[in-house]
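Written out below as structure tokens is the structure these notes cover.
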Amino acid sequence: MRAGVVVAAQPGVEDLAVRAEELGLYSFWVYDTPMVHGAPFVALGLCAKATRRIRLGIGVTSAALRSAPAAASGFASLNALAPGRIICGVGTGNTARRTLGMPPTRAAALEDFTAALQDLCVPDARPSTARVTGSAISASCTPGGM
């Protein structure tokens, strides 16, 4: 069994990640809930620099919170800091959307977002150009990563 912990993105979050790693946990997650918690990509960047082994994830991001290219760029940046240790959690954004007075993302939008992230998050490549047409996102990638 793999055990992990999820916490709010807050000052000192990297100290919690270090402690989780010392305790032998497999993963350390931060919430992606705008207006409730801090910025998850910034928090995990601090955690990536402070740890060496533990997997780091955002639980969870969604099309309701950011575009697929923005999320892919954030995950690629984290992967550059902690290669092979980044987990991409994707969901409907229920908590964040409700906090903002909006309904959760519909399943079709979640599927489109997840597919776009998979297309954009190619190992050893980074989006060099991206184009959004309606609900479709296309990107061309160049080797080298971030």
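The numbers here are math on the coordinates, done by the rules we state, and not lab data. Only a predicted model underlies this, so the values are computations on that prediction, with no experimental measurement involved. Because the Cβ atoms are built from the backbone with ideal geometry, glycine has one as well, and the counts that use them run over all protein chains shown.
Distance between the modelled labels on ARG52 and ALA39, one decimal in nanometres: 2.9 nm (7 Å Cα→Cβ projection). Phi-derived couplings, Karplus 6.51 cos²θ - 1.76 cosθ + 1.60 at θ = phi - 60°, listed residue by residue for the stretch 96-110: 5, 5, 5, 4, 8, x, 10, x, x, 5, 6, 4, 4, 5, 5 Hz, with x used for Gly and Pro.
Charge tally around GLY93: other residues with Cβ under 10 Å, Lys/Arg +1 each, Asp/Glu -1 each, net +2. Peptide packing for 48-54, 21-27, 67-73 was compared via the average number of neighbouring C-beta atoms within 10 Å per residue; ordered from the highest value, the list is 67-73, 48-54, 21-27. The label-point distance for ASP119 and VAL6, in a model that sets each label 7 Å from Cα toward Cβ, rounds to 2.8 nm.
May I ask you to derive the FRET efficiency for MET102 and ALA80 from their Cβ-Cβ distance with R0 = 30 Å, giving the value to the nearest 0.05? About 0.40, to the nearest 0.05.
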